[in-house]
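Take a look at the structure set out below.
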């Protein structure tokens, strides 16, 4: 399953977030979570990533690693192709 992971930095943690990112290169996700892409908002301590995982424990562990400096919003998403199939099935059932 694919997810959009959005984060917003806590203003009091900006220096800590910068130091950790520089030290870890952004700490890639653990086994069980595949990062498909990550983007950062210019001039803000926020951004988003698209990840793929069927392992909620691994997803939780990953965001908990950064939970002291960011708040997170994680949304399940589907592709156009997956949506098209779901819509076709819905229309067929009418």
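Read-outs throughout are calculated quantities, based only on the coordinates presented, and are distinct from any laboratory measurement. None of these values were measured; they are calculated from a predicted model. We place every Cβ from the backbone using ideal geometry, glycine too, and count neighbours over all the protein chains shown.
Among [x] 43; [y] 59; [z] 70, which one is percent of Cα pairs over 20 Å apart computed from these coordinates?
Only one listed value fits the structure, namely [x].
Going by average Cβ density within 10 Å per residue, which order do the peptides 20-26, 38-44 take, highest to lowest?
Highest mean packing first, the order is 20-26, 38-44.
Compute the relative contact order of the chain as a whole-number percentage, counting only Cα pairs closer than 8 Å that sit 6 or more residues apart in sequence.
So the answer I get is 42 percent.
Place the peptides 85-92, 29-36 in order of packing, highest mean first, counting for every residue the other Cβ atoms within 10 Å and averaging per peptide.
Listed from highest to lowest mean packing, they are 29-36, 85-92.
Can you tell which of 52, 19, 82 shows the greatest fluctuation in a Gaussian network model of the chain with Cα springs below 10 Å?
Largest GNM mean-square fluctuation: 82.
Please give the Cα centre distance for the stretch 77-94 versus the stretch 6-23, rounded to the nearest Å.
39
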